[in-house]
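*Asks:* Okay, here's the structure, questions in a sec.
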2 protein chains.
Amino acid sequence: MTKSSPSARERIVAGAADMISRRGLNATSIRETAKHARAPLGSTYHYFPEGKQQLVTEAVRYTGEWTARNLRKELRAGPVAGLQAFLALWRKIVVDSDFRAGCPVLAVSIEEPAPGETSAVLAAAADVFTTWEGLLADSLREHGAEPERAADLATLIVAAVEGTVAMCRAKRSTQPLDRTAEQLRALILAAVKD
Amino acid sequence: MTKSSPSARERIVAGAADMISRRGLNATSIRETAKHARAPLGSTYHYFPEGKQQLVTEAVRYTGEWTARNLRKELRAGPVAGLQAFLALWRKIVVDSDFRAGCPVLAVSIEEPAPGETSAVLAAAADVFTTWEGLLADSLREHGAEPERAADLATLIVAAVEGTVAMCRAKRSTQPLDRTAEQLRALILAAVKD
DNA sequence: CCTGAGCTATAACAATTGTCATAGTCTACC
DNA sequence: GGTAGACTATGACAATTGTTATAGCTCAGG
């Protein structure tokens with residue numbers, strides 16, 4: 001709830017992100033995103049004249065920025081606290097949805113782009129991953145981690161969290177999250193105190 | 001090439017796994033899997049009378065077993081060698097497909113099951129993940145890792161590899177794989193020599 | 001009051017989807 | 001040779017897809 005009455009456009013984007021995080025990119029239809037946002041189908045093509053690709057790209061960026069804001073805030077208390085918050089964020093999504101929702105950025109990353117063309121959606125997803133990695137790596141460096149190791153570890157964290165969330169959905173259990181949380185925490189501590 | 005002339009049924013299952021690994025579950029249609037396997041559409045429903053769900057479930061299991069065989073073999077040379085082989089396997093899939101293919105087990109894990117019912121597909125995916133984790137954990141324990149830590153680390157490895165493969169696709173680069181490889185290798189060494 | 005822009009409503013389009021039915025072909029065995 | 005069972009070929013079905021077109025509404029600014 002960032003606003004008391006978000007605009008129809010915002011509702012569509014946020015709703016699309018939510019639906020993609022549950023059903024994947026291809027199973028999310030423009031008609032259903034419109035219905036989900038209580039907006040008419042016509043409005044979708046009014047706000048997003050380039051069609052589905054544009055809507056999905058914005059949904060990916062929306063999720064990326066929302067998460068980055070959260071991460072940035074929590075990282076102010078250090079990398080371990082940032083990791084905990086990052087994990088808690090995804091755990092909440094998984095649990096609250098009864099293991100039906102995950103990360104929309106991951107979801108769009110595993111769908112083949114149209115032959116010949118490089119997808120704007122994939123590029124947005126790559127940007128989001130890079131942003132998340134950058135935030136984590138910066139925080140690690142600020143707390144004494146060796147620069148190269150910080151970058152490697154940041155990538156591992158993002159990859160592990162994304163993979164873990166998917167595993168939780170398949171297993172209908174948060175056990176994978178608990179396990180990777182433990183391991184990643186130890187890794188950060190080791191990297192920071194060198 | 002495990003056989004000189006695989007049966008039509010095998011071709012359909014293997015082809016479905018490949019297509020799911022590229023386009024995701026919902027964008028993989030039975031018509032196209034049949035065409036891809038040079039089998040008639042009618043045959044698909046002959047071999048898989050329960051329809052798409054059955055075909056997809058078998059495709060997931062097929063990938064799971066194929067990978068598990070590979071992993072089991074390479075783990076005979078120890079957990080570090082097993083990890084390298086596991087990573088090399090996925091790297092080859094990603095690179096050979098020009099960053100278009102990934103893991104079909106991950107792909108099916110992120111699609112919401114029909115409301116109310118628990119999907120057989122998701123259950124198969126969960127089984128596959130658990131099998132891979134078990135193989136890695138056993139190997140770690142055999143080489144001196146503490147039991148609980150072995151289980152946690154095995155989960156982290158599977159999750160990280162799955163997430164990393166997806167990130168490589170989005171970024172159209174193998175850099176994430178290189179980075180996680182480095183980190184995971186160090187982790188295994190530390191856990192084993194304790 | 002009128003104009004025009006922003007938005008909505010509704011219908012249509014060609015394609016594709018999963019699934020089913022039915023008739024035909026092939027092949028191994030009696 | 002013939003018969004059963006495995007497989008193929010073909011076509012149909014209702015639904016849903018992304019997208020476009022067009023006509024209507026709403027409401028601020030002049």
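*Asks:* Answer yes or no as to whether residue B:136 is in a helix (DSSP H, G or I), farther than 21 Å from residue B:76 by Cα, open to solvent by less than 10 Å² (accessible area, probe 1.4 Å) and more than 7 Å from chain A (Cβ to nearest Cβ).
*Replies:* no
*Asks:* Given the structure, is residue B:149 away from chain A (no Cβ under 13 Å), over 26 Å from residue A:111 (Cβ atoms), more than 16 Å from DNA strand D (Cβ to nearest atom) and among the basic types (Lys, Arg)?
*Replies:* Considered against the rule, which asks whether it is away from chain A (no Cβ under 13 Å), over 26 Å from residue A:111 (Cβ atoms), more than 16 Å from DNA strand D (Cβ to nearest atom) and among the basic types (Lys, Arg), residue B:149 comes out as no.
*Asks:* Residue A:67 passes all but one of (1) surrounded by fewer than 21 Cβ atoms within 10 Å (Cβ to Cβ); (2) over 13 Å from the mean Cα position of the chain (by Cα); which number fails?
*Replies:* Just one mismatch for residue A:67, condition (2).
*Asks:* Residue by residue through region A:41-76, note down the ones that are among the aliphatic types (A, V, I, L, M) and more than 7 Å from DNA strand D (Cβ to nearest atom).
*Replies:* Matches in region A:41-76: A:55, A:56, A:59, A:60, A:68, A:71, A:75.
*Asks:* Here is a further query. Starting from residues that are out of contact with any Asp or Glu (no Cβ under 8 Å at 6 or more places or on another chain) and open to solvent by 40 Å² or more (accessible area, probe 1.4 Å), keep the ones in region A:159-183 and report whichever is nearest to the other protein chains (Cβ to nearest Cβ).
*Replies:* The extreme case among them is A:171.
*Asks:* If you check every pair at least six apart or on different chains, which have Cβ atoms under 8 Å apart with a residue in region A:13-40 that is more than 11 Å from chain B (Cβ to nearest Cβ) and more than 13 Å from DNA strand D (Cβ to nearest atom) first and a residue that is open to solvent by 10 Å² or more (accessible area, probe 1.4 Å) and in a loop (DSSP other than H, G, I, E, B) second?
*Replies:* A:14/A:6
*Asks:* Assuming residue B:192 fulfils every condition listed in (1) touching a His at 6+ places or on another chain (Cβ under 9 Å); (2) facing another protein chain (nearest Cβ under 9 Å); (3) of a type in the set (A, V, I, L, M) apart from one, which condition is it?
*Replies:* Of the numbered conditions (1) touching a His at 6+ places or on another chain (Cβ under 9 Å); (2) facing another protein chain (nearest Cβ under 9 Å); (3) of a type in the set (A, V, I, L, M), the odd one out for residue B:192 is (2).
*Asks:* I need every pair where a residue in region A:43-68 that is farther than 18 Å from residue A:125 by Cα has its Cβ under 8 Å from the Cβ of a residue that is within 12 Å of DNA strand D (Cβ to nearest atom) and polar (S, T, N, Q), sequence separation at least 6 or different chains.
*Replies:* A:44/A:33; A:48/A:54
*Asks:* Additional query: Considering each residue of region B:41-63, count those that are more than 16 Å from DNA strand C (Cβ to nearest atom), within 29 Å of residue A:114 (Cβ to Cβ) and either open to solvent by less than 80 Å² (accessible area, probe 1.4 Å) or within 14 Å of chain A (Cβ to nearest Cβ) (or both), and give that number.
*Replies:* 1
*Asks:* For residues in region B:80-103 being open to solvent by 10 Å² or more (accessible area, probe 1.4 Å) and under 14 Å from residue B:140 (Cβ atoms), which is farthest from the other protein chains (Cβ to nearest Cβ)?
*Replies:* Applying the filter and picking the extreme gives B:81.
*Asks:* Any residue at all in region A:142-156 that is open to solvent by less than 10 Å² (accessible area, probe 1.4 Å), in contact (Cβ under 8 Å) with a residue 24 or more places away in the chain and closer than 28 Å to residue A:28 by Cβ?
*Replies:* Checked region A:142-156: no residue is open to solvent by less than 10 Å² (accessible area, probe 1.4 Å), in contact (Cβ under 8 Å) with a residue 24 or more places away in the chain and closer than 28 Å to residue A:28 by Cβ.
The values are calculated or read from the model by the stated rules, or taken from the named source; none is laboratory data. All of these numbers come straight from a predicted model, not from anything done at the bench. FYI the Cβ positions are ideal-geometry reconstructions off the backbone, even for glycines, and counts take in every protein chain you see. Accessible surface areas use protein heavy atoms only, side chains included; no ligands, DNA or RNA. Shrake-Rupley method; radii C 1.70, N 1.55, O 1.52, S 1.80 Å.
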